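K.L.:
Below you'll find the structure I mean.
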Amino acid sequence: MSEDKDQNNILEEVTSKEYQYGFYTNIEMDTAAVGLTEETIRFISDKKNEPDWLLEFRLKAFHHWLTIEEPTWAHLHHPPIKYQDIIYYAAPKKKKQLESLDEVDPELLDTFKKLGISLEEQKVLSGVAVDAVIDSVSVKTTFRETLSKHGIIFCSFSEAVQEYPELVKKYMGSVVPYRDNFFAALNSAVFSDGSFCYIPKGVRCPMELSTYFRINAANTGQFERTLLVADEGAYVSYLEGCTAPQRDENQLHAAIVEIIAETGAEVKYSTVQNWYPGDKNGKGGIYNFVTKRGICKGDHSKISWTQVETGSAITWKYPSCILKGDHSIGEFYSVAVTNHYQQADTGTKMIHLGKNTKSTIISKGISAGFSNNSYRGMVRIAKKASNSRNFSQCDSLLLGSKCGAHTFPYINTGNETSVVEHEATTSKISEDQLFYCQQRGIDSEKAIGLIVNGYAKEVLNKLPMEFAVEAQKLLAITLEGSVG
Amino acid sequence: MLLNINNLHVSINGKEILKGLNLRVNQGEVHAIMGPNGTGKSTLAAAITGRDGYEITQGEIWFKEELINEMLPNERANKGVFLSFQYPVEIPGVSMTNFMRTALNAKHEFEGLPIVTAGEFLKKMELKKQLVDIQAKLNNRSVNEGFSGGEKKKNEIFQMAMLEPTLAILDETDSGLDIDALKVVAKGVNALRSNDNGFVVITHYQRLLDFIIPDFVHVMYDGRIVKSGGKELAFELEEKGYDWLK
Ligand SMILES: Nc1ncnc2c1ncn2[C@@H]1O[C@H](COP(=O)(O)OP(=O)(O)OP(=O)(O)O)[C@@H](O)[C@H]1O
Ligand SMILES: [Mg+2]
């Protein structure tokens with residue numbers, strides 16, 4: 001119990017620090033001109049004091065980006081994004097600092113309360129001035145020390161570029177090349193920062209690695225880049241994100257996550273995404289175009305993605321696995337909830353290249369209001385990937401009659417010894433279930449939370465404990481107001 | 001008076017099912033309702049518990065001197081109205097423990113009582129489980145999911161025991177039960193029976209009434225109560241059927 005408490009304290013301190021950190025950057029100096037040109041990219045690279053090879057990488061990505069168009073195949077509709085109206089490099093904006101929680105949007109506070117977020121943390125998240133109680137440098141070093149004892153590197157992407165250039169050079173772009181897609185090219189050209197993590201041979205990372213503990217990242221920004229390498233026989237569980245609603249003024253997000261699992265390595269990557277979804281009428285909200293991909297490079301390696309997606313006005317995201325090593329395993333567990341006018345087009349790709357490879361896909365889409373929720377998945381089994389297996393299950397749950405659920409599975413089996421199984425169901429939240437709960441005294445909103453959590457349980461169970469409880473509350477909160 | 005139903009007319013999708021029904025239940029009484037299939041017994045239960053789609057076009061339902069025609073179902077439940085469903089519903093992924101705890105806490109919240117601690121709750125579960133002879137492992141399973149017909153019905157009585165209602169409506173809780181399960185259900189009901197609460201027991205079989213002895217028996221036909229009497233009426237029905245009442 002006391003260990004938990006310690007962790008919470010540290011967590012609080014660290015998050016306070018992150019916030020403070022954003023405040024003493026000279027804003028005028030560190031902001032690029034509006035729009036995207038070669039100049040912008042040189043400016044960014046220069047600001048970050050980057051080596052030439054990285055500048056070249058960015059420039060190549062940029063020139064490629066200029067030649068391609070935004071993808072239109074997703075089941076998503078939004079006004080055109082004006083790429084030349086965006087500021088591509090800016091220090092975190094200094095928001096108006098508030099004196100106390102009384103000045104904060106009561107609706108936001110209500111959400112915090114329901115999530116069980118501590119008062120101190122509420123202040124940090126909503127932009128109320130917080131005194132730094134403890135010297136955070138010491139917190140930082142405690143974590144660093146524990147990790148470095150095991151030879152684990154966990155730092156910001158910029159730091160990694162300076163301190164571990166050979167590792168970054170070796171792996172960056174090896175899973176998601178800048179040519180991969182429009183948003184990957186954009187990110188590769190302008191990414192501001194992100195996380196880097198390296199687990200050496202044979203090391204089991206002793207704690208869940210959470211972006212909370214990565215002090216250098218001032219804000220999980222618009223064009224983030226994460227590179228996670230598990231060397232032979234290593235294991236790591238990585239948590240991305242935060243369950244509290246993130247009010248970010250940047251509308252476009254285009255992140256990249258790359259994972260490399262060498263022989264016998266295992267990576268568990270969990271995300272809870274709760275960016276601002278826009279208001280009830282579909283005004284505002286984040287456009288989230290993310291490219292996430294991992295490669296099971298060596299034999300007997302494993303990559304497992306778990307995601308709970310409740311935020312963003314638009315979600316375009318397909319965490320995927322390339323199963324290159326023989327006997328490698330890829331997993332994708334997803335809960336995507338959309339309410340009001342949110343749109344999500346999410347799923348995965350499982351590319352089987354090695355023999356005896358195995359993949360599992362469990363996707364639970366929940367739509368309410370006027371929202372649209374699509375599962376898009378591809379399972380490809382190469383000719384040489386004999387004796388491979390995939391099992392996919394895609395369930396959609398509809399709340400109300402004005403929302404949409406869609407499933408787009410693409411299956412391609414290149415040999416006869418492999419088996420692909422696909423199951424899909426669409427159901428409506430049943431009036432019988434609702435009434436049954438209500439008859440036991442549970443109000444309709446709580447009842448929906450209960451039923452939906454039950455529906456998504458298989459996926460929620462895959463989340464690390466720290467995340468699971470908050471994710472459950474989050475599902476219920478996201479669907480508030482979805483029944484009359 | 002616990003329940004006072006006055007000239008109740010209920011329509012489903014514009015079709016009138018209950019056509020001027022009267023029923024009065026006092027504290028401490030057990031009323032049995034019998035009648036042929038499709039005469040509106042479950043409809044009555046749905047109307048009392050406030051199910052959506054059951055439109056009251058005329059008449060009143062009073063519960064403890066309060067008009068509840070328009071009250072939300074969960075509010076009625078929290079005030080002490082319980083329905084043992086004819087067809088209990090499965091809720092996948094929601095454990096019985098979690099479900100019951102949410103329900104009990106809702107009631108506590110409604111009554112302004114503090115939330116039940118995990119310890120208190122588990123103790124209560126233990127106690128009530130014994131009462132209805134429910135196997136421990138059922139509580140870790142999802143609500144009604146994969147329960148046998150009999151288990152589902154016992155589970156309804158278990159929930160009733162947990163929530164301790166003042167008015168319990170049992171809709172064919174005896175259907176599909178073997179004789180031992182029937183005794184268990186009756187034991188659960190009789191344990192709860194007191195001078196403060198009442199029961200409405202809907203059944204097709206006189207057999208149940210051997211174990212839960214009613215104070216009154218009513219016969220429903222075409223949306224109305226057409227005959228009322230003491231427990232001997234049940235025997236008469238068993239013998240003669242319903243035709244003589246039509
Ligand atoms: N949702 C509905 N829509 C249309 N008609 C309905 C609906 N529910 C019930 N009914 C009709 O109302 C009538 C009464 O049904 P109810 O279920 O109340 O009967 P019951 O007396 O409980 O019968 P049983 O003994 O078979 O359980 C039936 O004719 C039934 O078909
Ligand atoms: Mg019935």
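K.L.:
Within 15 Å, Cβ to Cβ, of A:I322, how many net charges do the neighbouring residues add up to if Lys/Arg are +1 and Asp/Glu are -1?
P.N.:
Charge balance in the 15 Å sphere: +4.
K.L.:
Give me the lysines in straight-line cross-link reach of B:K79: C-alpha distance below 17 Å, same-chain residues under 8 apart excluded.
P.N.:
Straight-line reach from B:K79, under 17 Å: B:K64, B:K107.
K.L.:
Also, I was wondering about something else. Nearest 100 Å², what total accessible surface is buried between chain B and chain A (probe 1.4 Å)?
P.N.:
Protein heavy atoms only, the B-A interface buries about 2100 Å².
K.L.:
Also, I was wondering about something else. How many Lys pairs in region A:298-374 lie less than 17 angstrom apart by Cα atoms, where the lysines are 8 or more positions apart or on different chains?
P.N.:
So the count of such lysine pairs works out to 11.
K.L.:
Let me ask something else. Nearest 20 debye, what's the magnitude of the dipole of the protein assembly as shown about its Cα centre given +1 on Lys and Arg Cβ and -1 on Asp and Glu Cβ?
P.N.:
1500 debye
K.L.:
Ranked from highest to lowest mean number of other Cβ atoms within 10 Å per residue, what is the order of the peptides A:439-449, A:311-321, B:144-154?
P.N.:
Answer by packing, highest mean first, reads A:311-321, A:439-449, B:144-154.
K.L.:
Continuing with the same structure: Which of B:G112, B:V132, B:P36 sits farthest toward the positive end of the charge dipole of chain B, with +1 on the Cβ of Lys and Arg and -1 on the Cβ of Asp and Glu?
P.N.:
It is B:V132, whose Cα lies furthest towards the positive end.
K.L.:
Now for a different question. Given the options B:L18, B:L83, B:L67, which has the most mean-square fluctuation in a GNM of chain B, springs set between C-alpha atoms less than 10 angstrom apart?
P.N.:
B:L67
K.L.:
Can you tell me which of B:A191, B:A103, B:A161 moves the most in a GNM of chain B? Springs connect C-alpha atoms under 10 Å apart.
P.N.:
Maximum among the listed residues: B:A191.
K.L.:
Which of B:E55, B:E111, B:E156 moves most in a GNM of chain B, Cα contacts under 10 Å?
P.N.:
Highest fluctuation of the listed residues: B:E111.
K.L.:
OK, next. Any chance you could check the Cα centroid distance between region B:86-161 and region A:293-349 for me, in angstrom?
P.N.:
Their Cα centres are 36 Å away from one another.
K.L.:
Local charge sum around B:N6 (other residues, Cβ-Cβ under 12 Å, Lys/Arg +1, Asp/Glu -1)?
P.N.:
Once all neighbours under 12 Å are counted, the net charge is 0.
K.L.:
Taking H placed 1.01 Å from N in the peptide plane, check which residues at least 5 places from A:T417 or on another chain put their amide H under 5 Å from its amide H.
P.N.:
A:N387
K.L.:
What's the center-to-center distance, using Cα atoms, between region B:162-192 and region B:1-78 in Å?
P.N.:
20 Å
The values are calculated or read from the model by the stated rules, or taken from the named source; none is laboratory data. Every value quoted in this text rests on a predicted model; they were computed, and no experiment measured them. Using ideal geometry, Cβ is built from the backbone for each residue, glycine included, and neighbour counts are taken over all protein chains shown. To get the accessible areas, we keep the full protein, side chains included, count just its heavy atoms, and leave off ligands, DNA and RNA. Shrake-Rupley method; radii C 1.70, N 1.55, O 1.52, S 1.80 Å.
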